[in-house]
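Input: a single structure, listed below in structure tokens.
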Amino acid sequence: MPGAAAVASLAAAAAGWLDLDGPTATATLRLRLWPSASPSGGGRVVAAGPSSPLLVWWWSAASWSGVETLRAAWDAAREAAVAPALAAASWACLALSAMLLADAVFLAAASLLAPLRRSRAAGPIAGPGPAPGEDDGDEEAGGRVADYPMVLVQIPMYNEREVYKLSIGAACELAWPSDRVIVQVLDDSTDPTVKDLVELECKFWASKGRNVKYEVRNNRKGYKAGALKQGMLYDYVQQCDFVAVFDADFQPEPDFLMRTVPYLVHDPRVALVQARWEFVNPNEFLMTRIQKMTLDYHFKVEQEAGSSTFAFFGFNGTAGVWRISSIEEAGGWEDRTTVEDMDLAVRVGLKGWKFIYVGDVKVKSELPSNLKAYRRQQHRWTCGAANLFRKTGGEIILTKEVSFWRKLYLIYSFFFIRKVVAHVVPFMLYCVVIPLSVLIPEVTVPVWGVVYIPTAITLLYAIRNPSSLHFIPFWILFENVMSFHRTKATFIGLLELGSVNEWVVTEKLGNSSCTKPVPQILEKPPCRCWDRCTVSEILVAIFLFFCATYNLVHGGDFYFVYIYLQAITFLIVGTGFCGTSSSNS
């Protein structure tokens, strides 16, 4: 009987623990533990009777022995493999953090010196005379209007029920001679009701004398890039010199063209003039405040620095004016990634064209107030940029039309540091390496990597947003949560995995997003828990809670303070208590 043999073996071990000698003592102990297990093996298992306390003691001792064995195995594996791997990951993250800090210092210095390097704004296009639209009919005005180039204004949209009137109306009210501008509405809507509304709005402005073209396709091939590419093929576009692009929620001021097109007119080497985004709902939630801080840094520092140093930056996809000949020279719009705007900018930049960022020209837009929409937007931007790096890296290195320094800037600073390192390092270092280091005593992350470098980088971000200094702690915690999703998106883009070309239009709320009387920080979404929860974020929160508790009980430092806060943030975001749940549509 296998059970009896096992009991005999265990009894021998127990006899050794009790310092009993000889086979008689072993047999006696065996019978006390399991009386029915006779030496012949024919017994039946029954209760241990009065010997039960001894059985309990023996079972506890055996279990403790198993735990000790597992612990010894873990200690050996930790010292041989886990600790060296974690130490290597720690030093890799620290090295990349130092590179990120160096790039942040470069960008900050370049952006601060940009006003000294920037030339004065381009002069007016036309000579003296009435302003466009004041008296276009008289001869003097006709002579001046003839000096204005033809401009195409493209507005791509897809089921934009809440905002279509804003963008079309703002484009039709631009202060530019009415016969020198064409407003092209590229409607890919699949909702028949929305299509009818957009078409009626175009007819309304056409009845007021505006040159509005309503264009539709029978498919959505290429999404936004496909729509823009198709829009450039119409015959009337051939008479245009420049094209301004606005997403459906962007509302340019009437003087937008007057303040941007002159740069293109007076400098034939300029291909793009990019304006800055301004937001209509930055104070709606804490999430929108944090988005504004991140985007303000992008425009004030990254775009400004790129414009003033190498005359290159990534096109933001909207609120910009292009020279049409530069687009044609670069091969037109491409839909090979989800960042068609950045793709076009890179290809045009490799042809030697210059870009100008004009930060004092601002265009109103809307920040996503829905967490799911924001996640999808960040996935599209991050994954697309990483995938574009994969596709164009070799082309950038081999091109002979730009200088070595511009190529180095593109490969190292623009792509590697800002599109890969900036997304991966925050999550890997602050949400993986540091929490794991409290469990692995052989690995110690130096203070300069945990405190000094992050503090320096944070200050470089915060110094350009002095009015938002009190939100910096929330910004750090929330951005680390988003870095979890951006890290996944980065590797999806670099490796071209399943959702690399996933395109979901960011939902917009229009003016309704600004009507709440009292700004809120967190809002409980009015939907079922399992509909708003994200399992991956909740699992990361559980892991961080465990690490923080272990550090609190066994650690000699105060990492648990930060780790607890980060765990709480992951839990809040993972359970959907952030932003709104759905649009008003």
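The values are calculated or read from the model by the stated rules, or taken from the named source; none is laboratory data. Since the structure is predicted, the reported quantities are computational estimates derived from the model, not experimental observations. Cβ coordinates were reconstructed from backbone atoms using ideal geometry, including for glycine residues, and neighbour counts include every protein chain displayed. Just so you know, the surface numbers come from the protein's heavy atoms only, side chains and all, with ligands and any DNA or RNA stripped out. Shrake-Rupley method; radii C 1.70, N 1.55, O 1.52, S 1.80 Å.
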Residues located in the range 403-420, provided they are over 20 Å from the mean Cα position of the chain (by Cα) and open to solvent by 20 Å² or more (accessible area, probe 1.4 Å) = 403, 404, 405, 406, 407, 408
Would the range 450-470 turn up any residue that is of a type in the set (D, E, K, R), crowded, with 20+ Cβ neighbours inside 10 Å and under 20 Å from residue 289 (Cα atoms)?
-> no
Residues located in the range 472-491, provided they are over 19 Å from residue 576 (Cα atoms) and open to solvent by less than 30 Å² (accessible area, probe 1.4 Å) | 472, 487, 489, 490
Subset of the range 511-557 (residues that are open to solvent by 40 Å² or more (accessible area, probe 1.4 Å), at pLDDT 80 or above and of a type in the set (Val, Ile, Thr)) = 535, 538, 542, 549, 553
Could you tell me whether residue 379 is part of a helix (DSSP H, G or I) and either farther than 30 Å from residue 82 by Cα or in contact with a strand residue (DSSP E or B) (Cβ under 6 Å, 6 or more places away or on another chain) (or both)?
-> yes
Subset of the range 392-421 [among the small types (Gly, Ala, Ser) and farther than 16 Å from residue 298 by Cα] | 393, 394, 403
Yes/no for residue 504 being closer than 21 Å to residue 374 by Cβ and modelled with pLDDT of 95 or more = no
When you go through (1) surrounded by 15 or more Cβ atoms within 10 Å (Cβ to Cβ); (2) over 22 Å from residue 165 (Cα atoms) one by one for residue 233, which number turns out not to apply?
-> (1)
Of the residues in the range 162-190, how many are open to solvent by 50 Å² or more (accessible area, probe 1.4 Å) and not in a helix (DSSP H, G or I)?
-> 3
Subset of the range 338-359 that is in contact with a helix residue (DSSP H, G or I) (Cβ under 8 Å, 6 or more places away or on another chain) and in a strand (DSSP E or B) - its residue that is nearest to residue 389 (Cα to Cα) = 355
List, please: which pairs have Cβ atoms under 6 Å, are six or more places apart or on different chains, and start with a residue in the range 401-425 that is at pLDDT 95 or above and end with one that is open to solvent by 20 Å² or more (accessible area, probe 1.4 Å) and assigned to a loop (DSSP other than H, G, I, E, B)?
-> 406/310; 409/310
Residue count, the range 191-209, condition crowded, with 16+ Cβ neighbours inside 10 Å and either in a strand (DSSP E or B) or of a type in the set (D, E, K, R) (or both), comes to 2
If a residue has to be surrounded by 21 or more Cβ atoms within 10 Å (Cβ to Cβ) and either assigned to a helix (DSSP H, G or I) or hydrophobic (A, V, I, L, M, F, W, C) (or both) to count, how many in the range 314-326 make the cut?
-> 5
Write out, first by first residue and then by second, each pair whose Cβ atoms fall under 7 Å of each other, whose residues are 6+ apart or on separate chains, and whose first residue, in the range 269-297, is in a helix (DSSP H, G or I) while the second is among the β-branched types (Val, Ile, Thr) and open to solvent by 20 Å² or more (accessible area, probe 1.4 Å).
-> 286/521
If you take the residues of the range 543-560 that are in contact with a helix residue (DSSP H, G or I) (Cβ under 8 Å, 6 or more places away or on another chain) and among the hydrophobic types (A, V, I, L, M, F, W, C), which of them is farthest from residue 481 (Cα to Cα)?
-> 552
What residue, of 319, 275, is touching a Ser or Thr at 6+ places or on another chain (Cβ under 9 Å), at pLDDT 95 or above and on the phi > 0 side of the Ramachandran plot?
-> 319
Taking only the range 339-377 into account, find how many residues are within 14 Å of the chain's Cα centre (by Cα), open to solvent by 10 Å² or more (accessible area, probe 1.4 Å) and within 30 Å of residue 397 (Cα to Cα).
-> 1
Reported set for the range 298-313 where residues are open to solvent by 10 Å² or more (accessible area, probe 1.4 Å) and not in a helix (DSSP H, G or I) is 310, 311
Spot the failing condition for residue 381; the list is (1) under 17 Å from residue 402 (Cα atoms); (2) open to solvent by 10 Å² or more (accessible area, probe 1.4 Å); (3) among the aromatic types (Phe, Trp, Tyr), and only one is missed.
-> (1)
How many of the residues making up the range 150-162 are touching a strand residue (DSSP E or B) at 6+ places or on another chain (Cβ under 6 Å) and either on the phi > 0 side of the Ramachandran plot or not polar (S, T, N, Q) (or both)?
-> 6
Search the range 210-230 for residues being open to solvent by 60 Å² or more (accessible area, probe 1.4 Å), in a helix (DSSP H, G or I) and modelled with pLDDT of 95 or more, and hand back the single one that is farthest from residue 380 (Cα to Cα).
-> 230
Count, please, the residues in the range 360-391 that happen to be of a type in the set (Asp, Glu) and closer than 14 Å to residue 509 by Cα.
-> 1
